[in-house]
Each structure stands twice: as C-alpha cells, then as structure tokens.
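Taking it in order: structure first as structure tokens, then the write-up.
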Amino acid sequence: MNRFAELLDRLVLTPSRNGKLTLLVDYFRTVEDPDRGLALAAITGDLTIAAVKPAMLRMLVTERMDPVLFGYSYDYVGDLAETVSLVWPQTPGKIPNREPTLGEVVAKLQAVSRSDGPKVLAGLLDSAGISARFAIIKLVTGGLRIGVSARLAKQALADFGKVDVAEIEELWHGLSPPYMALFAWLEGKAEKPRNTAMALFRPVMLSNPVGDGDLEKLDPADYAAEWKWDGIRVQAVAEGGIHRLYSRTGDDVSGAFPDLADAMHFSATLDGELLVGDPREATGTFSDLQQRLNRKTVTPKMQQQYPAFMRCYDLLQLGDEDLRALPFRERRGRLEALMKALDPSRFDLSPFVDFADWQALENLRRAPPHPIIEGVMLKRWDSPYVAGRPKGPWFKWKRDPHTVDAVLMYAQRGHGKRSSFYSDYTFGVWSGAAGEEELVPVGKAYFGFTDEELKQIDKYVRDNTVERFGPVRSVRADRDNGLVLEVAFEGLNRSTRHKSGVAMRFPRISRLRWDKPANEADRIETLQALLDR
Amino acid sequence: MRAADLLHPRPEGLYCPPGDFFIDPVRPVGRALITHGHSDHARSGHRSVLATQQTLDIMGLRYGEDFAGTTQAARLGETIALNGVSVSFHPAGHVLGSAQISVEHQGTRIVASGDYKRQRDATCVPFEPIRCDVFITEATFGLPVFRHPPDTGEIARLLKSAAQFPERSHLVGAYALGKAQRVMRLLRDTGYDKPLYIHGALARLSEYYQSQGIDLGILEPATVEDGKDDFTGAIVVGPPSAFADRWARRFPDPISCFASGWMRIRQRAKQGGVELPLIISDHADWDELTATIKETGAEEIWVTHGREEALVRWCELESIAARPLHLVGYEDEGD
C-alpha cells in the first residue's frame, strides 16, 4: 500500500509529462502482480469499489477523537481525506507487523457488504500508516485526482513494454484488472493477450498541421478535402448487439450520448465527429455542443434540446471485414453506400469540399460557411487507415486564430525548468464606462513566447510587482502602465465561471506589444461580439 | 511567588521583573537571555547577552562580533544567579546551541523552551525534559495533523528520486541554520559521499558546524564562476527563497524539494511549486508536544508562537491549566 501511496503523492506534485511517465514505468517495473494492475485500474478509473460518503468518514473519525480538535484540523487542511489520514489515532495494540498490500485492501473493500463498510474501513485505517491511509480513503471516496489521464497511463504501459501505445489502446477494452496477462506480455514472459471481446476500439488515425512550404510539394489532385468540424472525434463501434462510442484516446463515452449510441443499428466501425443538432436542418455551435460534454448522466430534456449526431468520414470495419488497409477512396465509397441505411437524424456524411488548387482551398479555409468549422482536412486518396500520426497522408489546415490585445495582470511561477521564471500569465481587457475602465481577466496562457521573451517578461514581472500571493504576483496594470500581450486563441465560449463571461479556447501569447500603451488594449465588447456570431 | 510575577510578556519580549532580564527579546534591551540563533529569537543590539557558547558564536557569524555590548556563555546544566533569580540552560534539540531556559525564584520554576523537537538529530544535543511548575511551549506544529515521519525515510525518498531522475538536479530548500546542516548530515549518514552543492548563504554556518565536529563531508559552492556549470544529478542545498529566484536557473531541469514540517500538508507543497516535499522538521510535532507537556509535570502550560488554540484545548481535555501567551515578533512559519 505504501508504494501505491507514494506513487500517488509523487504524481500529484509532478507537473511534467515525462516525469509522470518515469514514475509510472518505475512503479510497473518494481511492483508485483496484482498490486501494479490494481494501481493501474485505480488510475484509469476501472476499479470498482463500494463508495463511502464523506459524512461517514467524518463520523468514523469523530468517534475516535475530540470533535473540536478535529474541527481545528479540518479547517486548517481543507481536505477531508487528507485530514482524516493525518489525525486518525494509532492504537498501539492494533498496529500489525506489516501494512496491508494494495491487493489485500482492494479485496477487503470489494467483498464488504454495505452495512459492514464503515467497520471494515476503520479496520483498514487502523492497520495503515499516514500515506497508506490517505490512499485508502482516496480509493473509497472515488476520484484520485492526480493529474494522470487514462491515456497517459497507457503511454506508460507502452514505454514499460517498449510497444506502440496503439497496441495497448486496441487491447484495452478486452482486458480487466489486475491485467496480469497484459503485464506478462509487456515483460516478454507471455504471448500478446488475444482479444475476444466485442465492439473493441481501433486506434485512430491523426493528422499533421500544414506547415510552411508543405503544400508546394503536394499535388492537389492526390488529395480530397473536407471541412474540419470542431466537435469531438468519436469512433462508433457496433458488433453483436453491443454499441460503443469511443473518444479518440479509446475512452468509452457511450454513457454520455445514449441518444446516439441507441441509434447505432449497423455492424461496423465508423470514424467521425460528434456534433449536436439535426444534420438535416442545422448543426449546433460549439457552445451548444458544450452542453453535452463532461457529463456523467444526461437528462431527456438535454437530449431533446441538444441531440447528438455523428458526421461520418471514415469506415474502418464492415461486418467481419477489416477495411483499414484499403485506400481512402475505396473506404469512402463503402462508407457512402452504408450511410444510406443509417438513421438520417443521427448520422450524416462529411461532405467533400471541391477545389481546383491550393489557393482556392486557402480562400475557403479562411472563410468557412459555419462557425463550428475550424478549417479544412486534406486526405490522400490512396492512404490506408494507419493508427497514430503518420506524416503525409492526412493534414489539418486550420483557419487563422483570433487575436486580442490584452494587458498582463498576474504572473505565476512555472515548474521544472521554469520554476525560477514567472511563466504563466493571466491577462485582461478593459470594461466599464469611459473614465471608469477596469481590467477584467479573460484568460491565462503559458506558451507562445520564445525563451528570450520569457526572460524579458519575467524581468518585467519582477520589476512591476504590486502584490505577492504565494507563487503568484500581481503586476502593475492600469490605464498608464502595463504590458500589452497579443493573445491568439481558437475560439470563445460563454462561461459562467469567469467574471468576464467568456472563456478562451487554446490561448497563447502570439506577440509582446512593448510598443502599445495599456489603455489601447482591447475592450471586452470586442470579445463579446465574437461570442454572438 | 506567582508565576506571572516571575515572567510575563512585554512588547520587547518575555520579561523577568525580579531578575531584570528578557528571554529572546525582539527589540534591543539591557540584558537578554537567548535560547537559540534563529534570527527572530536572536537579535543584535542588546547591552548584554547570555546564551550558550554556540549560540553566541552563531550570532557573531550572523551579525558581526560586535552584536552585543557584552556576552556571557552559559554552560548546559549550570546554574547562574541573576539578581537572586536562578537561571539555567538545558538542551532543546532544535538546532546547534539551542537551549531551554529554566528560571527559578522563591520556589517557582518556569521553563521557557524556545523552539524544540524530540526527534533524534545528529547535529545537536537532544532535548532534556525539565520538571517545572510552568512550561512555556512553542506551538508551530500545534495541530493533530502534524505528525512528522522518521527523517531517515524522507532522505530515502530524496535518494530514490535522485536515482529515478539522474539527468536532473535536486534542489533542496532548507533554512540556513540547522535544517540545511541536518539534511546534509542525514545524507552522509546513508553513505552518500558525492559532493553536496550549497548556496552561498549556507557557507559560513555549515563551516561552523563542521568546526564543531559535525561532519558534513565535501561541500562545494553551487556557483558557475569556476567553470563548473554541470549540475546533472547533483543534490543542491539552499535557502528556500533562493529557488524561486534567478539564482536557480543554472540547474538543469531541477526538481524542487523543500525540507520542512509544513510539507506534511499537500496543498502547502502544491502552492509552493514543490515537487518533492521532505517532511523534516526542527520543531516538535503534535505527539511530541503533548508527550513533552506531560513529561515536564507542569501544572500550567503557556503556549506561544503557532497554533495555540488546539494545544490549549488538548490541555483542557487533559485537565492541565493552559493559556496562550501572546508574544509578538516571532515567526509562526519558520521551519
């Protein structure tokens, strides 16, 4: 249990992706079965344990210590799981010779009945030290929140076994904790596990951005063009009566889109973009789509107001036939034939964009006909469907980003290589009547600048600090003083969480406007106008 | 004699009227008794100072030889009479030279502990509990959430991380007096024999520790001037403030570590951008505080700098009289 607890503690404080991968790979290497597989399941969210409510936890602890002292402690720490793990009294007679393993803890928690839950949990907490208690409480209260996605965990498995992450993704949904066959294969001790489960995920094909000079070398006649829809990439797999919707990283998202999943009356694997609206009438905007994202359950009203549909652009499997090796032109033909049989309110075909040469396409890309289009996709007619991001067959060519001139308001210290630099910037634009203007924060960005520019901004922050709060400094920013940043972003969403009412997508610093006086930065109305488009 | 007549707070610090002296005064006074060398307890400019020889030496290093009008060294355990008040110094286990001060007059004994800890520390003499009527305890970590783990386990985590990330450097934030030397000594105790790199602010104090027989091994300045600019795999020790500073840019992709009792709280580590928190403290944790209070046998406890309310509450539950002693000018946060 301690090794798992230590892993959690390190992961939560390690900001860098590579650092997290190293910690995970080392853990898989040094910890034996079944503990490492259970830890993996806990991280990917595939471990099922009867949940314990926070109120129960609080009751257990206040039965064991003075409630006033517990109150002081909880006020100070602010996190219930952490407080309980720290203050839980160790009864001298009850400390066992060794702490329980993760496997033993999970086995006990999975076997317990609802009524015995609190007693068993208390027994486990009695038998563990502080870090292990924290990990146990995190397991039973659900949600480790350690900043490790399932995707990153799979990458760590791939690094550990020196295989391609696509292989892990393809296998993943046929496996279950504690993944002993998977680890045996990754360690070279057994054959690759064979997948017998139905409706499995196929690793997706990704595109590269069009770079400078890329197109000059390419013949427009070799490529098909489609709009690039700004929805979410999904893979719809129906096989033997099982319907699954997967995200591009292989997470099962069927639960969030039951309306679409129910309509999958086919035996095939489709690749496309999930959007909302009715494809025969109107496609919803990104704000509409947002209503359906990141929800565990979805109400009938929500499904009716923002129905989900899939704009299909590829066909990977039809019945028993794997089409991935066929050229795109042929797959597309099969897709078009299949589409005729599908529910037209839930599935439509991503249309081609006709173009004669790159200049014509460039004009279309710059002025797309719908706000949810973010550019064009280029696909080689003869390309097979290959997992990963091969260079050449697929390109994305996005429309130019929006930009706004904003004023630097707060700067936060970075991590790792940047721990001595103020490298995360919160910026704002002007709002309020003439003579009473104030800055309202509209976003935060931590990249887009060069190392040299980082040094210059860092110096500016240190020289113009007004206040300090921990790692954050507030920077002098008023009508007469302030650093203007040109911020590029992909889109704007309405936000009830931000005072400004807007949230930027993918903001980054595109230029430092040392030359521009702060009072000439943009106003909030400029951004609001963008929202209403 | 009533305890409050023997010692009570004044704006300058804790004052003893019959003896006419202050303990750890925060402003210049006529006669000061100093528990240890941390700057919020040991200030310069007093007319006369009574402290252990090591505390006097440390004050000299920090403030220059003329930090006080006159100085007198107190030997641990030896009783000194000041205007008829019996005063003696006893080890506090906090940092090198640290002492508790016992003040006794007309049958009443008060022990002012200064800062103290009970965990073993190879860089200073261990704490000795002194029987007394009133015990003045610090409460820096006076909440039941503060439970310091064994320091050897924390150092093992540092070494494990150094092995896991050999291409990076580990920057260990540790206060210049006490913590830094303890961390270095703990590393040496594991057999770690590579040079340790130190920030300039640690140099003189570390040298002084070495002169007092505390072996810290080979210490090298973490400077780039001598052409040395490759700190790959190095362990660097410096004051925590330096790591947020431009000074830290010479290190390759550093992992920031902080050796402090505060690192027990995840949010504290997170806010400070600490990647590897090391829970190593020079103050007593909750269990040490409560055990020490019992050991002194004191009928009354005065609680100072830190989280007084929880410790006062604990004393109430144990039927021990207790009250917060509102002294101003001490850092509640230093560790």
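Bear in mind these aren't lab numbers, they're just calculated from the coordinates by the rules spelled out. These numbers come from a predicted model, not from an experiment. When we count neighbours, we look across all protein chains shown, and the Cβ atoms used for this are built from the backbone with ideal geometry, even at glycine.
May I ask what percent, to the nearest 5, of DSSP beta bridges between residues of chain B are antiparallel?
Restricted to chain B, the bridges split so that about 35 percent are antiparallel.
Treat every Asp and Glu Cβ in segment A:208-398 as -1 and every Lys and Arg Cβ as +1, leave all other atoms uncharged, and give the resulting dipole magnitude about the Cα centre to the nearest 20 debye.
Using Cβ point charges on Lys, Arg, Asp and Glu, segment A:208-398 gives about 440 debye.
Using the per-residue mean of other Cβ atoms lying within 10 Å as a proxy for protection, in what order, highest first, do the peptides A:178-185, B:73-80 fall?
A:178-185, B:73-80
Averaged over B:247-260, how many beta carbons belonging to a partner chain fall within 10 Å of each residue's beta carbon?
Average neighbour count from other chains, rounded to a whole number: 3.
So what is the calculated 222 nm ellipticity per residue for chain B, using -39500 (n - 2.57) for each DSSP H run with n of 4 or more, over all residues, to the nearest 500 deg cm²/dmol?
It lands at -6500 deg cm²/dmol.
Assuming a ≥ b ≥ c are the square roots of the Cα gyration tensor eigenvalues, decide whether segment B:205-270 counts as rounded (a/c under 1.5), prolate (otherwise, with a/b larger than b/c) or oblate.
oblate
Among bridges DSSP assigns within segment B:1-58, what percent are antiparallel (round to 5)?
Once the DSSP bridges in segment B:1-58 are tallied, antiparallel ones form about 55 percent.
Whole-Hz Karplus ³J(HN,Hα) for segment A:34-40, in order, using 6.51 cos²θ - 1.76 cosθ + 1.60 and θ = phi - 60°, x for Gly and Pro?
x, 4, 5, x, 5, 4, 4
Hey, got a sec? Which trypsin sites (Lys or Arg not before Pro) in segment A:279-326 land in a DSSP loop and have at most 12 other Cβ atoms within 10 Å?
Within segment A:279-326, the qualifying trypsin sites (Lys or Arg not before Pro) (loop, at most 12 other Cβ atoms within 10 Å) are A:280, A:295, A:296.
Mind listing which chymotrypsin sites (Phe, Trp or Tyr not before Pro) in segment A:302-392 are in a DSSP loop and have 16 or fewer other Cβ atoms within 10 Å?
The qualifying sites are A:381.
Before anything else, pin down the relative contact order of segment A:402-531: Cα pairs under 8 Å, at least 6 apart, normalised by residue count, whole percent. Before the final figure, lay out each step's value.
Values: 279 pairs, mean separation 38.3, N = 130.
Answer for segment A:402-531 is 29 percent.
Taking Cα atoms of segment A:402-531, Rg/Rh with Kirkwood Rh, to two decimals?
Computed over Cα atoms, the ratio is 0.94.
Just how large is the dipole of the protein assembly as shown about the Cα centre, in debye to the nearest 20, putting +1 at every Lys and Arg Cβ and -1 at every Asp and Glu Cβ?
940 debye
For segment A:444-457, in order, what is each residue's ³J(HN,Hα) by Karplus, 6.51 cos²θ - 1.76 cosθ + 1.60 with θ = phi - 60°, in whole Hz (x at glycine and Pro)?
My calculation for segment A:444-457 gives 9, 9, 9, 8, x, 9, 7, 4, 5, 5, 4, 4, 5, 5 Hz in order.
When you look at the Cβ of every residue in A:8-19, what mean number of other chain Cβ atoms sits within 10 Å?
4
Taking H as built 1.01 Å from N, whose amide H comes closer than 5 Å to the amide H of residue B:35, not counting residues under 5 places away?
Amide H neighbours of residue B:35: B:24.
Would you grab the residues whose amide H sits under 5 Å from the one on residue A:323? Only those 5+ places off in sequence or on another chain, please, with H modelled 1.01 Å from N.
Under 5 Å from the amide H of residue A:323: A:317, A:318.
Can you give me the long-range amide H partners of residue B:321? Hydrogens built in the peptide plane at 1.01 Å from N, cutoff under 5 Å, separation of 5 or more residues or another chain.
Amide H neighbours of residue B:321, under 5 Å, 5+ apart: B:301.
Could you give log10 I(q)/I(0) at q = 0.12, 0.13, 0.16, 0.22 Å⁻¹ for segment B:151-278, computed by the Debye formula over C-alpha point scatterers of equal weight, without solvent?
Debye curve over Cα of segment B:151-278, log10 I(q)/I(0) at q = 0.12, 0.13, 0.16, 0.22 Å⁻¹: -0.40, -0.47, -0.74, -1.48.
Normalised by the number of residues in segment A:208-398, what is the relative contact order in percent for Cα pairs under 8 Å and 6+ residues apart?
So the answer I get is 30 percent.
Report the GluC sites (Glu not before Pro) located in segment A:25-82 that are in a DSSP loop and have at most 13 other Cβ atoms inside 10 Å of their Cβ, or state none.
Hits after loop and neighbour filter: A:32, A:63.
For residue A:66 and residue A:399 in the same chain, what is the full-extension length gain: residue separation times 0.36 nm, less their Cα-Cα distance, in nm?
113.7 nm
Mean residue ellipticity at 222 nm from the helices of chain A, using -39,500 (n - 2.57) per DSSP H segment of n ≥ 4 over the full residue count, to the nearest 500 deg cm²/dmol?
-10000 deg cm²/dmol
Among B:297, B:30, B:191, which one moves the most in a GNM of chain B with springs linking Cα atoms closer than 10 Å?
B:191
Roughly how many nanometres apart are two label points built 7 Å out from the Cα toward the Cβ at residue A:341 and residue A:493?
3.7 nm
Spin-label point model (7 Å from Cα, Cβ direction): what's the residue A:176 to residue A:352 distance in nm?
Rounded to a tenth, the inter-label distance reads 4.6 nm.
Ignore the peptide's own chain and count Cβ atoms of other chains within 10 Å of each Cβ in B:307-314; give me the average, rounded.
3
For segment B:259-269, in order, what is each residue's ³J(HN,Hα) by Karplus, 6.51 cos²θ - 1.76 cosθ + 1.60 with θ = phi - 60°, in whole Hz (x at glycine and Pro)?
These are the phi-based 3J(HN,Hα) values: 9, 6, x, 5, 5, 5, 9, 4, 4, 5, 5 Hz.
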